[in-house]
Amino acid sequence: MRSLWRTLEVRLLRDIALVCLAVGLIGLSYGAVAVASGFAWWFPAVMGVLVLAASSEFLFVGIIAAGGSPIAALLAGLLVNARHLPFGLAVHDVLGQGLRRVLGTHLMNDETVVFALAQDEPERKRAAYWLCGLGILVCWPAGAALGALLGGAVRDTDALGLDAMFPAVILALILPALKDRPLRRTALAAAALALAVTPFLPAGLPVLLALTALPLFTVRTRKKATR
């Protein structure tokens, strides 16, 4: 762990710490919402450790609270987390081997992947991925447990703006990469496609459908390389 800290500069360590703090704050809301929906106080904390996927956990609690079946909630969560398939292809080289690879896969989420891909050197990629992942593994369940114990203190994520925290953090992390014109055009095409189909498709599918814009980046990159 000490070698991971030495690999990254102070600014990046600060960014990772702020992201983990944001995750913990959203965990407060998740824990409070879960308890208010009728779940036991320990449920959000256990889910936070075992699932470690905020969007899927919020969706699961919401579907159950609305009277849906556990099977439907489980399938919806799996659908939302299907985005981890391309994530795994993008960061396969930072996960390690054996049991460490199993833990590394469990730590995979939007933030860890974005931090890893933003680094140029393999060692920095691994350090950023693991530090962010381990930080979220601590902060998310801890925030959920504290929110559950506080009960109804944080019920409405929209009122406090906590629901906007994740998108804002991800956007800030990917902005430097969007200086590349082919990547920027591909990202805009994917975003437009996802927004266009959002009113017609279930949650999770628009993001997956946006991946069909990836060939645009591949084609443009190849053309640039052949010039």
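Since G98 meets every condition but one in (1) crowded, with 18+ Cβ neighbours inside 10 Å; (2) at positive phi, which condition does it not meet? That leaves (1) as the condition not met. Of the helices (runs of 4 or more DSSP H) lying entirely inside the range 82-157, those containing at least 3 residues that are in contact with a helix residue (DSSP H, G or I) (Cβ under 8 Å, 6 or more places away or on another chain) and touching a residue at least 40 places away in the same chain (Cβ under 8 Å) are 110-117, 122-150.
Looking only at the range 50-71, how many residues end up being of a type in the set (S, T, N, Q) and either assigned to a loop (DSSP other than H, G, I, E, B) or farther than 24 Å from V113 by Cβ (or both)? Write out each step before concluding.
To start, the set of residues in the range 50-71 that are of a type in the set (S, T, N, Q) comprises 55-56, 69.
Among the residues that remain, those that are also either assigned to a loop (DSSP other than H, G, I, E, B) or farther than 24 Å from V113 by Cβ (or both) are: 69.
Counting residues in the range 50-71 that are of a type in the set (S, T, N, Q) and either assigned to a loop (DSSP other than H, G, I, E, B) or farther than 24 Å from V113 by Cβ (or both) gives 1.
Selection of the range 50-79 for residues being under 30 Å from E121 (Cα atoms) and open to solvent by less than 30 Å² (accessible area, probe 1.4 Å) yields L52, A53, A54. Any residue at all in the range 8-27 that is under 26 Å from D180 (Cβ atoms), of a type in the set (A, V, I, L, M), in contact (Cβ under 8 Å) with a residue 40 or more places away in the chain and not in a helix (DSSP H, G or I)? Among the residues of the range 8-27, at least one is under 26 Å from D180 (Cβ atoms), of a type in the set (A, V, I, L, M), in contact (Cβ under 8 Å) with a residue 40 or more places away in the chain and not in a helix (DSSP H, G or I), which makes the answer yes. Scanning the range 107-149 for residues being within 13 Å of the chain's Cα centre (by Cα), closer than 17 Å to L50 by Cβ and either open to solvent by 10 Å² or more (accessible area, probe 1.4 Å) or of a type in the set (A, V, I, L, M) (or both) gives a total of 5.
Regarding the range 63-71, can at least one residue be identified that is within 16 Å of G143 (Cβ to Cβ), in contact (Cβ under 8 Å) with a residue 24 or more places away in the chain and not small (G, A, S)? If you could, list the steps in order and put the result at the bottom.
Just the residues of the range 63-71 that are within 16 Å of G143 (Cβ to Cβ), to begin with: none.
Scanning the range 63-71, I find no residue that is within 16 Å of G143 (Cβ to Cβ), in contact (Cβ under 8 Å) with a residue 24 or more places away in the chain and not small (G, A, S), so the answer is no.
Consider A177 carefully, then state whether it is among the small types (G, A, S), modelled with pLDDT under 70 and not in a helix (DSSP H, G or I). No; evaluated as a whole, the condition is false for this residue.
Count, please, the residues in the range 34-49 that happen to be open to solvent by 10 Å² or more (accessible area, probe 1.4 Å), part of a helix (DSSP H, G or I) and either in contact with an Asp or Glu (Cβ under 9 Å, 6 or more places away or on another chain) or hydroxyl-bearing (S, T, Y) (or both). Walk me through how you get there before you give the answer.
Residues of the range 34-49 open to solvent by 10 Å² or more (accessible area, probe 1.4 Å): 35-43, 45-47, 49.
With the extra rule that they be part of a helix (DSSP H, G or I), the set shrinks to 35-36, 43, 45-47, 49.
The next check asks that each one be either in contact with an Asp or Glu (Cβ under 9 Å, 6 or more places away or on another chain) or hydroxyl-bearing (S, T, Y) (or both); those that pass are 47.
Here the count works out to 1.
The values are calculated or read from the model by the stated rules, or taken from the named source; none is laboratory data. Keep in mind that this is a model prediction, so the values were computed, not measured. All Cβ positions, glycine included, derive from the backbone under ideal geometry; neighbour counts span all protein chains shown. Only protein heavy atoms, including side chains, enter the accessible area calculation; ligands, DNA and RNA are left aside. Shrake-Rupley method; radii C 1.70, N 1.55, O 1.52, S 1.80 Å.
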